[in-house]
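Only one structure is covered here, and it is reproduced in the block below.
The values are calculated or read from the model by the stated rules, or taken from the named source; none is laboratory data. As the structure is a prediction and not an experimental result, all values here were calculated from the model. Cβ placement follows ideal geometry from the backbone for every residue including glycine, while neighbour counts extend to all protein chains displayed.
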Amino acid sequence: MKERWFPALRQAVTEIGLGTWQLGGTEWGDVAEADALDTLAAAADAGIRFIDTADIYGLGRSESLIARFLKGRSDRDRFVVATKLGRYPEPGWPDNFTRQTVRRHTEDSLRRLGVDALDLTQTHSLPLEVMRDTPIFDALRELRQEDKIRAFGASVESIEEARFCLGVEGLASLQIIFNIFRQRPIDEIFDQAKAQGVAIIVRLPLASGLLAGKFTRQTRFAPTDHRHFNRDGEKFNVGETFAGLPFETGLELVERMRPWFPEGVSMAQAALRWCLDFTAVTTVIPGARRPEQARSNAAASDLPPLSGELHSRLGRFYQRDVEQHIRGKY
């Protein structure tokens with residue numbers, strides 16, 4: 001597994017990580033504990049050492065499972081675990097953004113993860129006005145000074161929010177939605193983030209599985225899977241589901257791209273490789289519900305870069321045929 005430098009942490013992290021929203025068991029259908037632990041083990045065996053979670057994933061379940069998996073490992077110090085805060089239902093908005101609540105939620109994550117200091121904590125897809133008008137970043141700077149967190153970043157939904165966060169003093173990372181279907185960050189934030197030493201963490205690199213190329217019009221998702229209940233943004237930002245594309249439109253776009261990718265490489269691996277071909281990207285965090293998915297995702301790190309011709313073709317395809325269909329904050 002190749003690594004890339006994470007400036008604020010002053011260490012390298014694996015360029016393929018593991019997103020663990022699905023391990024919470026609440027928005028991706030049920031995931032049994034044994035399956036979750038097996039998936040974490042497969043990711044680690046494949047070389048993955050960067051794990052992303054959040055306090056709200058299963059109301060702490062994801063964090064607790066990660067702690068169980070890492071407990072007692074001889075290589076525990078090689079793992080970087082990033083979490084998020086701001087969306088926990090207790091006490092809820094707007095009280096979540098006070099200094100006292102930010103501290104309490106941080107201490108809750110410390111307890112669940114079984115550590116003395118969080119490697120990285122991130123604001124969790126908060127509206128611009130919350131990040132701008134509340135003391136949340138002041139609170140995070142205080143916690144960093146107290147060594148309760150090593151660094152803090154922001155998970156954002158839109159380019160406007162990303163630009164604001166790049167002006168936040170002490171920001172270590174931006175977590176963004178970035179994939180073949182969501183290409184705006186290339187021209188609008190990558191150069192600035194790289195110049196400032198802000199790490200880019202890519203979520204939804206496979207557009208909720210669309211870019212794995214395995215769905216059809218007959219595919220059905222569990223009622224508890226956001227790909228069933230949030231297709232049109234009924235519960236939260238539609239951009240978090242299929243990258244904001246209508247499902248049927250996404251299927252059609254995938255079929256048009258399918259013949260363009262190298263032989264012998266899965267579409268998911270090619271989509272991950274596409275993300276990694278941008279040097280501003282620090283790590284990519286696809287989710288995985290099964291061990292074989294984690295292993296396959298990790299293998300994208302060893303693939304050669306995609307050709308310049310293919311990158312150009314995908315860029316034109318995005319501008320001509322994809323961008324017009326994206327819904328939600330972008």
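Criterion applied to P135, P127 was being out of contact with any strand residue (DSSP E or B) (no Cβ under 9 Å at 6 or more places or on another chain) and under 15 Å from K84 (Cα atoms), and the one residue passing it is P127. Of the residues R273, R256, the single one that is charged (D, E, K, R) and under 24 Å from A42 (Cβ atoms) is R273.
Pairing residues of segment 139-164 that are without any contact (Cβ under 8 Å) to a residue 60 or more places away in the chain and under 27 Å from E240 (Cβ atoms) with residues that are surrounded by fewer than 19 Cβ atoms within 10 Å (Cβ to Cβ) and among the aromatic types (F, W, Y), at Cβ distances under 9 Å and at least 6 apart in sequence or on separate chains, gives A154/F164; V156/F164. Residues considered: A41, A54. Of these, the only one that is over 20 Å from R295 (Cα atoms), at pLDDT 95 or above and of a type in the set (A, V, I, L, M) is A54.
The residues listed here are Q183, Q122; of these, the one that is of a type outside the set (D, E, K, R), touching a Ser or Thr at 6+ places or on another chain (Cβ under 9 Å) and in contact (Cβ under 8 Å) with a residue 40 or more places away in the chain is Q122.
When Y88 is tested against the conditions (1) assigned to a helix (DSSP H, G or I); (2) in contact (Cβ under 8 Å) with a residue 24 or more places away in the chain, the lone failure is (1). Scan segment 103-114 and tell me whether some residue there is in contact with an Asp or Glu (Cβ under 7 Å, 6 or more places away or on another chain) and closer than 30 Å to Q192 by Cα. No - not one qualifying residue is present in segment 103-114.
For every residue, the table says whether it meets (1) modelled with pLDDT of 95 or more; (2) among the charged types (D, E, K, R); (3) not in a helix (DSSP H, G or I).
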| site | (1), (2), (3) |
| --- | --- |
| E160 | yes, yes, no |
| C165 | yes, no, no |
| I176 | yes, no, yes |
| D187 | yes, yes, no |
| A193 | yes, no, no |
| I201 | yes, no, yes |
| P205 | yes, no, yes |
| G209 | yes, no, no |
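Here is a list of conditions, (1) crowded, with 23+ Cβ neighbours inside 10 Å; (2) farther than 22 Å from T283 by Cβ; (3) without any contact (Cβ under 8 Å) to a residue 40 or more places away in the chain, and T83 meets all of them except one; can you say which number that is? (2) is the only condition that T83 fails. Listed by position, the strands (runs of 3 or more DSSP E) inside segment 1-74 whose residues that are buried (at least 20 other Cβ atoms within 10 Å of the Cβ) number at least 3 are 50-52. When only residues in segment 215-226 that are part of a loop (DSSP other than H, G, I, E, B) and touching a residue at least 12 places away in the same chain (Cβ under 8 Å) count, which is surrounded by the most Cβ atoms within 10 Å (Cβ to Cβ)? So the residue we want is F215. Of the residues making up segment 117-140, just one is of a type in the set (D, E, K, R) and either surrounded by 16 or more Cβ atoms within 10 Å (Cβ to Cβ) or not in a helix (DSSP H, G or I) (or both), namely D119.
For (1) in a helix (DSSP H, G or I); (2) out of contact with any Lys or Arg (no Cβ under 9 Å at 6 or more places or on another chain); (3) closer than 27 Å to W28 by Cα, each residue gets a yes or a no:
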residue: H228; (1), (2), (3): yes, no, yes
residue: K235; (1), (2), (3): no, yes, yes
residue: A243; (1), (2), (3): yes, no, yes
residue: E252; (1), (2), (3): yes, yes, yes
residue: A268; (1), (2), (3): yes, no, yes
residue: F278; (1), (2), (3): no, yes, no
residue: A294; (1), (2), (3): yes, yes, yes
residue: G315; (1), (2), (3): yes, yes, no
residue: E323; (1), (2), (3): yes, no, yes
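Candidates are the residues of segment 193-209 that are crowded, with 23+ Cβ neighbours inside 10 Å and not aliphatic (A, V, I, L, M); the one that is farthest from the chain's Cα centre (by Cα) is S208. Please work out if A270 is under 24 Å from the mean Cα position of the chain (by Cα), surrounded by 14 or more Cβ atoms within 10 Å (Cβ to Cβ), without any contact (Cβ under 8 Å) to a residue 40 or more places away in the chain and closer than 27 Å to E157 by Cα. Yes.
Condition test on G29, is it farther than 25 Å from T123 by Cβ and in contact with a strand residue (DSSP E or B) (Cβ under 8 Å, 6 or more places away or on another chain)? Yes, satisfied. Checking G233, G264, G250 one by one, the residue that is at pLDDT 95 or above and over 30 Å from D191 (Cα atoms) is G233 and no other.
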